[in-house]
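The values are calculated or read from the model by the stated rules, or taken from the named source; none is laboratory data. Note that this is a predicted model, so its numbers are computed, not measured. Don't worry about glycine lacking a Cβ; one is built from the backbone with ideal geometry, like all the others, and counts go over all protein chains shown. Surface areas here come from the heavy atoms of the whole protein model, side chains and all, with no ligands, DNA or RNA. Shrake-Rupley method; radii C 1.70, N 1.55, O 1.52, S 1.80 Å.
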There are 2 protein chains.
Amino acid sequence: MEAIEELAVQPCTSSLYLRPFRLSYRQNGTKKFWDFMRTHDSVSILIFNTSRQCFVMVKQFRPAVYMCETERHHPQVFESQDKESFTSLENPLPAVVGVTYELCAGIVDKPGLSLEEIACEEVLEECGYRVSTAELRRITSYRSGVGLTGSRQTLFYAEVNDQMRTGGGGGQPEEGELIEVVEIPLGESMKFAYDETFPKTMGVIFSFMWFHNNIAPKLPKKEERSLESQ
Amino acid sequence: MEAIEELAVQPCTSSLYLRPFRLSYRQNGTKKFWDFMRTHDSVSILIFNTSRQCFVMVKQFRPAVYMCETERHHPQVFESQDKESFTSLENPLPAVVGVTYELCAGIVDKPGLSLEEIACEEVLEECGYRVSTAELRRITSYRSGVGLTGSRQTLFYAEVNDQMRTGGGGGQPEEGELIEVVEIPLGESMKFAYDETFPKTMGVIFSFMWFHNNIAPKLPKKEERSLESQ
């Protein structure tokens, strides 16, 4: 995943992915405008593997995160970007600075599918577990960005076990996805959540804490499980 | 805040606020590119008023959220946006669908100031409380968006009381900010956090839960405080 080469950056004057619009309006008598991005809503899923008592997450190289760190170290990279030309990144930072830990997630771009159906597809594609919509627990929804996109994300919880694993996950290589499935043991999860040397989204920290408040107290104790299985 | 009129939307071909770039790279042998937005890091602050045992938050009209809801109800608004022209929104949705509850927050765009100094400025400007950097507790940092921006947000906790209030807050009207300060009583806060009829960011839900796990158990009981003050 971290074999990243031939990095180059250019201004982006037209994009299938970034669609900027401007809203003009009058608020309490004052004329205003606001630039925003049209984008899709999304779902994300906290996955807990009960067989091995661990969270199942994904790890990806994120170009936007990488460039954010590049600018922090080399602000001049963007200063020379007035012209419509590629700038090769000399002495690029190691790719690992752009790798983040995230919940399994996906955008809502299939009109015929419910949020739950899209969530199940993502769990299968990215992490390799087959779950049904009835097995999802909806945690809540919120705005994933209020300045730029305004889009809504809905967070689900899914419990899986090793028998539900049908493949390795990893996303859809044909769509350019390169996703590594990672497991965070329950016992280390809150330490991981607050350890900033592992770059992550707020969704990871929030959902781990939600699990510890809402699910962990009801988990069978390890001793009880051992006795039951004897 | 909700007196919004003369709504019109247009494509945005150039913006001081949205700066799109394209990163091209080769990953594990495959040539790829990714469009992203260059933006600023940010800070957000969970504020708890000990005098009145409530959280202090901000409420704003967010054009990006409003347009997200507009598209949900009237998808055709964006379909006719191929030409460089304003489209007035006929029968616009009520402005309240674009109003969100958020933590006090701000972007990091002053090179000479620390994250803590910027956080204190935002607490004063938006909410009207004077806090010093020594009074801030850093909770953690994370990526506020991994797809589009990759930027980092750092979350702080600040305890205030009524004596620290120096004004009404409300943001900087000269910069077009129109911010309403709202107080959420501690006793109602978790119900509020999961009540989706109040549109909000994940930061609100996360930080309220963090408070209940980390701060609430150490708060003096109401009875004890009453006895002490007699």
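Counting Lys +1, Arg +1, Asp -1, Glu -1, what net charge surrounds B:Ser44 among other residues with beta carbon under 10 Å of its beta carbon? The partial results should precede the final answer.
Values: positive: none; negative: B:Glu102, B:Glu122.
With Lys, Arg at +1 and Asp, Glu at -1, the neighbours total -2.
From Cα pairs below 8 angstrom and at least 6 apart in sequence, can you work out the relative contact order of region A:47-186, rounded to a whole percent?
34
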Once the dipole of chain B is set up with Lys and Arg at +1 and Asp and Glu at -1 on Cβ about the Cα centre, which of B:Gly170, B:Pro94, B:Phe48 lies farthest towards its positive end? B:Phe48
Out of A:His212, A:His73, A:His40, any idea which swings most in a Gaussian network model of chain A, alpha carbons joined below 10 Å? A:His73
Name the residues of region A:189-203 whose accessible area, probed at 1.4 Å, falls by at least 10 Å² once all protein chains are in place instead of their chain on its own? A:Tyr194, A:Glu196, A:Pro199, A:Lys200, A:Thr201, A:Met202, A:Gly203
For B:Ser51 paired with B:Asn91, estimate the spin-label separation in nm (one decimal), with each label point 7 Å from Cα along the Cα-to-Cβ line. 4.8
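Give, to the nearest whole percent, the P(r) tail of chain A beyond 33 angstrom, counting all Cα pairs.
Working: 7437 of 26335 pairs.
I get 28 percent for the Cα pairs in chain A exceeding 33 Å.
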At 7 angstrom along the Cα-to-beta-carbon line, where would the label on A:Glu2 sit relative to the other copies? Give the distances in nm, shortest first. 5.1
Please report, for A:Gly167, the nm distances (one decimal) from its label point, 7 Å out from Cα along the beta-carbon direction, to the equivalent points in the remaining copies, shortest first. 5.9
Counting Lys and Arg as +1 and Asp and Glu as -1, what is the net charge of the other residues whose Cβ lies under 11 Å from the Cβ of A:Leu7? -1
Estimated distance in nm for a label pair at A:Leu16 and B:Ser24, the labels positioned 7 Å out from Cα along Cα-to-Cβ: 1.6
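What number comes out for the charge environment of B:Ser141, summing +1 per Lys or Arg and -1 per Asp or Glu over other residues with Cβ under 15 Å away? Provide the component values of the computation, followed by the final result.
Values: positive: A:Arg72, A:Lys200, B:Arg137, B:Arg138, B:Arg143, B:Arg152; negative: A:Glu69, A:Asp195, A:Glu196, B:Asp41, B:Glu116.
Here the charged neighbours net out to +1.
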What's the carbon and sulfur percent of region B:101-230's accessible surface, probe 1.4 angstrom, rounded to a whole number? 51
So the number of lysine pairs in chain B with alpha-carbon atoms under 25 angstrom apart, 8 or more residues apart or on different chains, is 7
Minimum Cβ-to-axis distance in chain A for the rotation onto chain B, with residue, whole Å: A:Phe206, 2
Once the label point is placed 7 Å from Cα along Cβ, list for A:His73 the distances to the corresponding points in the other copies, in nm, shortest first. 4.8
Name the long-range amide H neighbours of A:Ser151: under 5 Å, sequence gap of 5 or more, or other chain; modelled H, no Pro or chain starts. A:Ser144, A:Gly145
